[in-house]
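J.: Could you have a look at this structure, given as structure tokens, before my questions?
Derivation of every value follows stated rules applied to the coordinates shown; laboratory data play no part. No experiment lies behind these values; they were computed from the predicted model shown. Methodologically, a virtual Cβ is constructed for each residue, glycine included, from the backbone with ideal geometry; neighbour enumeration extends over all protein chains shown.
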Amino acid sequence: MSEWIKKRFWRVVSIKLDDKLHGYKITLDEKILNTPRKRPIVMPTKEMADLVASEWVSIKREINPEEMPYTRFVNSSIDKIEPQLNDIRKLLLEYGDCDLVCYRAESPQVLIDRQELAWGGIIEWAEKELNVHLKVFNGVIHSSQPIKSILELEKHIFELSVFQLCALHELVTISGSLILSLAVTKGFISENTAWEASQVDEQWQTDQWGIDIDAQTVCEEKRASFFHAAQFFKVS
């Protein structure tokens, strides 16, 4: 299967262990599932293969890639992340150098208190568990974090597999925070807690000005993607 199929043609979706490649493949009848760039899909865990297979099983007639997040993650891991590993790692470290949780409002006090409640414990955790000391700044003007902290973050990023890196990339780009995302992947907080922490400023704006329907729709889409990415990391 070299590209996205338009309509269902298969009857049976199967998962097969490839002993030589030490991973799991999926077949649609007898056709091996490949990425859009014609690279073989070999997944590291049965749990991941189960999630992907269930998406193909659930298709009734036409295929909508937007409804297949785990298949898209697998394709992205192989076709996009793996060929540019160093660029992705560099991008994530750039987020760490200007992390959401390190930039605080100068006023009003209620917002300052909300940010501290949501982010203060995460910063303490990063220093204790990741050996990453983070400076906190008032305002939005960028100020660099200590080089030692960035090097420590680099260690945590470099230990990830290509599939884990894909999931982390999604978590970080949606939330704007490498620290919150690492807290999820390392099990310190739930994805729900991390999501709410990433939305402190947005929630404050909503409280002040009311709900923007279009913005709320986009927010819900991002939330769903964030939760799918967290699940994909768990099965990686």
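J.: Would you check if GLN109 is more than 21 Å from GLU196 (Cα to Cα) and exposed (fewer than 14 other Cβ atoms within 10 Å of the Cβ)? Spell out the reasoning first.
T.: Numbers: more than 21 Å from GLU196 (Cα to Cα): no; exposed (fewer than 14 other Cβ atoms within 10 Å of the Cβ): yes.
Answer is no for this residue.
J.: Among the residues that make up segment 185-195, is at least one of them touching a helix residue (DSSP H, G or I) at 6+ places or on another chain (Cβ under 6 Å), more than 26 Å from ASN131 (Cα to Cα) and not aromatic (Phe, Trp, Tyr)?
T.: Taking segment 185-195 and keeping what is touching a helix residue (DSSP H, G or I) at 6+ places or on another chain (Cβ under 6 Å), we get 185, 188-189, 191, 194-195.
Narrowing further to those that are more than 26 Å from ASN131 (Cα to Cα): none.
No, segment 185-195 contains no residue that is touching a helix residue (DSSP H, G or I) at 6+ places or on another chain (Cβ under 6 Å), more than 26 Å from ASN131 (Cα to Cα) and not aromatic (Phe, Trp, Tyr).
J.: Continuing with the same structure: Answer yes if at least one residue in segment 66-82 is among the aliphatic types (A, V, I, L, M), in contact (Cβ under 8 Å) with a residue 60 or more places away in the chain, under 26 Å from PHE188 (Cβ atoms) and in contact with a Phe, Trp or Tyr (Cβ under 7 Å, 6 or more places away or on another chain), and no otherwise.
T.: The answer is no, given that none of the residues of segment 66-82 is among the aliphatic types (A, V, I, L, M), in contact (Cβ under 8 Å) with a residue 60 or more places away in the chain, under 26 Å from PHE188 (Cβ atoms) and in contact with a Phe, Trp or Tyr (Cβ under 7 Å, 6 or more places away or on another chain).
J.: Quick one: would you say SER144 is of a type in the set (Ser, Thr, Tyr) and over 23 Å from ASP207 (Cβ atoms)? Talk me through it step by step, then tell me what you get.
T.: Details: of a type in the set (Ser, Thr, Tyr): yes; over 23 Å from ASP207 (Cβ atoms): yes.
Yes, satisfied.
J.: How about segment 18-48: which of its residues are aliphatic (A, V, I, L, M) and either touching a Lys or Arg at 6+ places or on another chain (Cβ under 8 Å) or touching a residue at least 60 places away in the same chain (Cβ under 8 Å) (or both)?
T.: Looking only at segment 18-48, we keep the residues that are aliphatic (A, V, I, L, M), and these are 21, 26, 28, 32-33, 41-43, 48.
Passing the criteria: ILE26, ILE32, LEU33, ILE41, VAL42, MET43, MET48.
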